[in-house]
Amino acid sequence: MLRERTSALPQKRSFDPGWPNVRLAPKAVIPLLRGDPHPTRPKPHKELRKAQPPGTIAARPLYQSLGLLNAHRGNTMAKKTYHGSCHCGAVAFEAMIDLDKGTTRCNCSICSKTRFWFALVQAADFKIEKGEDQLSDYTWIPPGKSKANLHYRFCKTCGVRAFGQGDNASLGKFYAVAIAALDDIGQDADQAVKSIKYVDGRHDDYEHEPADTRLL
């Protein structure tokens, strides 16, 4: 009788990495279901670096060595690299843009006519990848001013104005990148829309929103 009771007791199972062990905490069970036999083992730094796209914090060795990163959470820098082009493809460029700093819609005469939606970036964060010789240039001097604010650069073939460039005392050399010309902005469309700041360039008031923004 004693022998029968003993055999009826549940047998101790050896750990099977292919099936969750009931003694594991819930957070440790999930990786096992995904096929990871070592749920608590952190990924090597090299794997983290490969897992992250360009322009993310994971590319920084210091962050990796301190263990401050989680490759599955997608920790990213505020500044991100985008690629843009004209319509015919003759001109292509790359720009590092921080959408958290805001993008601009202006009501001055030229911005109104072209519905120019742009982000300002420093010269070091902008690079023409091809077609610089395919760019034409347009400038105009606003009434009461002594020089043009921007050089508007556009493709000679298709006419798309992908960016403007300027130089002033507060910003130094900079580029005004057309958001509409960015080919990979779609993934951040919601953030881009939330970043819009309307300025009253028509009256040289860049600190306040104009009364009417319907056509900007």
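Under 8 Å between Cβ atoms, which residue pairs at least 6 apart in sequence (or on different chains) link something in segment 88-102 that is surrounded by fewer than 19 Cβ atoms within 10 Å (Cβ to Cβ) with a partner that is part of a helix (DSSP H, G or I)?
If the second residue must be part of a helix (DSSP H, G or I), the pairs left are ALA90/GLN134; MET96/ASP125.
Here's the yes/no breakdown for (1) among the β-branched types (Val, Ile, Thr); (2) over 25 Å from THR81 (Cα atoms); (3) modelled with pLDDT of 95 or more; (4) touching an Asp or Glu at 6+ places or on another chain (Cβ under 8 Å):
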| residue | (1), (2), (3), (4) |
| --- | --- |
| LEU99 | no, no, yes, yes |
| THR103 | yes, no, yes, no |
| GLU132 | no, no, yes, no |
| ARG153 | no, no, yes, yes |
| GLN165 | no, no, yes, no |
| LEU171 | no, no, no, no |
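Keeping to segment 158-183, report how many residues are under 16 Å from ASP125 (Cβ atoms) and surrounded by fewer than 15 Cβ atoms within 10 Å (Cβ to Cβ).
Filtering segment 158-183 for residues under 16 Å from ASP125 (Cβ atoms) gives 162-167, 171-179, 181-182.
Subset that is surrounded by fewer than 15 Cβ atoms within 10 Å (Cβ to Cβ): 167, 171-173.
Qualifying residue count for the region: 4.
The values are calculated or read from the model by the stated rules, or taken from the named source; none is laboratory data. Predicted model only: the values in this text are computed from it and were never measured. Note that each Cβ is placed from the backbone with ideal geometry, even for glycine, and that neighbours are counted across all protein chains shown.
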